[in-house]
Every structure is written in structure tokens, then in C-alpha cells.
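What follows is one structure encoded as C-alpha cells, with my remarks underneath.
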Amino acid sequence: MRAKTRIRQPASVYMTRPAKTAFALLLLAAMALAFVSCTPREQRFSMSWFDYFDTVITLTVYADDRAVFGEMSGKTGECFERYHRLFDIYNEYEGVNNLASVNRMAGEEVAVDADVIELLMLGREYERLTDGALNIAMGAVLKLWHDARENAAKDPQNASIPDEDALRAAAQHCDIDKMIIDAERSTVTLLDAEMSVDVGAIAKGYAADRAADILKGYGCPFLLNCGGAVLAYGVKPDGESWTAGILDPSGTGFIETVDVSDTALSTSGSYLRTFSAGGRDYGHIIDPATLMPADKTVSMSVMIPADAGACFADALSTACFILGPERAAELLAAAEGAEGIFVGGSGKTSHIGKKR
């Protein structure tokens, strides 16, 4: 692999503004020792949203009173609504050019919000860091699999996977170097009129990072779970750490519980969003090398320091899931402070990287 140097989240992340899917079952957490400004009198509050990023988003906070939490949760909801609209690749919204607009206008220069520019630049950087395992320019291929999954849900008896020739043809339109970004003018151009971007692997994590930038300003501990993209800051008022459970692929509960205080955690799994065709199950994480669902492991979780960000954790977990344990070990070894937890077909877990 090319990634032999120390990998860090690109610095641009630190310079910017501070449903329903089964991923919501991946992590359970509870809260209460706060940061310096918090006291043992704090109460535990929680709120969930179901309308953004096709997942369940849950915020848990210890705050002095309900009014403080109401302000925190209100700003969090507004944050996720904003990024849901900006990063939506299926629907356009009045008054904004989002990623659906960029895809529709492939071949043209499109003026977009600065956050869209930053997410696309991160996606380009992650493609380089992962040797192409994570490629946000794979939209043409991913659309074929998305349509197959949607058709299977509507008509299970006639479910089928994308035609091999169609996949190969779509793969000719996935060159990320043909995504031209002009950060100064805040524009993006997809030079290939048949290409499209799909940021599903990193969009939730990016939104979680921006929400965390807001929440940290209140000086109280919190846990934010955005459909498997998790950020936890601080510890509980009784001194205990935030914890999260990694789901057993067999569906029998949690296979392992981990400490996630001051940690970003992301889990990618082949068993959480699948469809069946011809007597076989197909996952939703597609390997750019084979154009087929990745199958080198069953589940992959990555934990990194919280300040490195949920977006980076999202990128690493997806890439490591696609690469498999051996190559993922190389990638995580170069990512400072990263730990990976694989769940294999036997249901056993294995840890790689730094034990957190």
C-alpha cells in the first residue's frame, strides 16, 4: 500500500465552522463527571431524530436543566437538517445547489456551499489515503446496486443483482481525478457527464463533527450517535466512561462493549443493509476493485481520538471493511491512535492497531 507515512485527519477539518436504519442498534450508551464547568447535579437528557441521513440520530447530554438541553438539541437538529439537505444525492431543495444538483449537472461547473467543497476535498483525500478503497466518485456503480436493492424490497420474488456488463460500463465513469474542485470560487465540476458522487460513507460523520463543534461550546459531556457514526466527549458525572456495544452479526445482542469516552467510533457491517437474490444475500458496501459487495469480513469498527473526527472514523471503517484484516492493519498502523475491531464469520473478534 502507499500509506506508509503517519495518517492524520486533513487539517482543513479543524479550520471549519465549529430512517430508520439498523445501524441505530449498533451502539448503546449512557452518560453523567462532566467537564470542568459541569456539576454532579446535572440531569441526563436525550433526544432522537428520524428524518436525516436515512438513519436514527440520538443525542445524550448531562445538562444543568432542560432549558440548556433544549438549546443544545435545537442547534443539533438544525445542524443535521442543514447537512442532510446539502449532502442529499437523491433530492434537490429550493434555493441551494446540493450534491444531487452536482450530479444532475455533471459536465458543468456548479457553485456550491463551502461545506460541500470541504466534504468533497476530504473524500478525494480519503481516496488517496486508502489506495482507492474508499472512492466517493463511485456513484455510477453504487446507483446500480442501490436500484437493485430498492427493486428487491418492492418485488422480492424477482430480485436480481446488477448486470456484470452494466457494472463494468458504469465503472468507466468513476475517475475521481475528473472531479475538479475550485475552493476559492467554491465550485465543483464533474468533467465526465456520466459520473456522479456518492458520499454515503462519510456524510454522516462530517455532520456529526460539525454538530460536535457546537455542542463542545456548552462544556458538558455528551454522546452523539448518528447511525453508527459516534462521537463521545467527557465522562459520566459518576466518573464512569461512555460505553458502546458492537452488535453481534448473528443478532443475539452485543459481541463486545468498548470504552468510547473522547472517542470517535464508526462501524461498517455487511449484514445491516442487505437484499437477497438467487438465494444469496448481498451487502451495501461495494468493493471498487470487484464492483461487488465486499466480503472479506462481517463487521469492522474503528475507534480514533474524538478530535480526529467521526468523518475520518467513517472513512477508515469503510475502507478497512473493504480491504479486509491484513491490508486494514497496514492502514490503521499509519493512522495515529486508531484501533480496529473485526468481527469474522465465526463471530470472533480481533483487535488491530493501538488498544484504546
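Key figures
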read-out	value
Residue that is modelled with pLDDT of 95 or more and in contact with a Lys or Arg (Cβ under 8 Å, 6 or more places away or on another chain), where the choices are TYR93, TYR62	TYR93
Every pair of residues 6+ apart whose Cβ atoms lie under 7 Å, when the first sits in segment 314-329 and is over 11 Å from PHE342 (Cβ atoms) while the second is surrounded by fewer than 24 Cβ atoms within 10 Å (Cβ to Cβ) and of a type in the set (Ser, Thr, Tyr)	none
Flag for TYR83 being crowded, with 23+ Cβ neighbours inside 10 Å and of a type in the set (Ser, Thr, Tyr)	yes
Filtered residues of segment 236-258 (kept if over 23 Å from ILE202 (Cβ atoms) and surrounded by 20 or more Cβ atoms within 10 Å (Cβ to Cβ))	LYS236, PRO237
Residues of segment 144-182 classified as assigned to a helix (DSSP H, G or I), surrounded by fewer than 15 Cβ atoms within 10 Å (Cβ to Cβ), more than 24 Å from the chain's Cα centre (by Cα) and not aliphatic (A, V, I, L, M), total	7
Subset of segment 188-199 (residues that are in a loop (DSSP other than H, G, I, E, B) and crowded, with 19+ Cβ neighbours inside 10 Å)	MET195, SER196, VAL197, ASP198, VAL199
Which listed residue, of ARG185, ARG210, is of a type outside the set (Asp, Glu), at pLDDT 95 or above and surrounded by fewer than 17 Cβ atoms within 10 Å (Cβ to Cβ)	ARG185
Matching residues, segment 338-355, being within 15 Å of SER268 (Cα to Cα) and either of a type in the set (Val, Ile, Thr) or part of a helix (DSSP H, G or I) (or both)	ILE341, VAL343, THR349
Pick from segment 285-337, criterion β-branched (Val, Ile, Thr) and not in a loop (DSSP other than H, G, I, E, B), ranking: farthest from ASP259 (Cα to Cα)	ILE286
Residue match in segment 130-139 (condition: β-branched (Val, Ile, Thr), surrounded by 17 or more Cβ atoms within 10 Å (Cβ to Cβ), modelled with pLDDT of 95 or more and touching a helix residue (DSSP H, G or I) at 6+ places or on another chain (Cβ under 9 Å))	yes
Within segment 77-128, tally of residues that are more than 23 Å from VAL141 (Cβ to Cβ) and not hydrophobic (A, V, I, L, M, F, W, C)	15
When residues of segment 272-312 are limited to those that are of a type in the set (Ser, Thr, Tyr) and either within 17 Å of ALA334 (Cα to Cα) or touching a Ser or Thr at 6+ places or on another chain (Cβ under 7 Å) (or both), the one modelled with the lowest pLDDT	SER299
Filter result for ILE89 (buried (at least 18 other Cβ atoms within 10 Å of the Cβ), outside any helix (DSSP H, G or I), within 19 Å of the chain's Cα centre (by Cα) and of a type outside the set (Lys, Arg))	yes
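The values are calculated or read from the model by the stated rules, or taken from the named source; none is laboratory data. Bear in mind the structure is a predicted one, so any value in this text is a computation, not a measurement. All Cβ positions, even for glycine, are placed from backbone atoms using ideal geometry, and neighbour counts span all protein chains on display.
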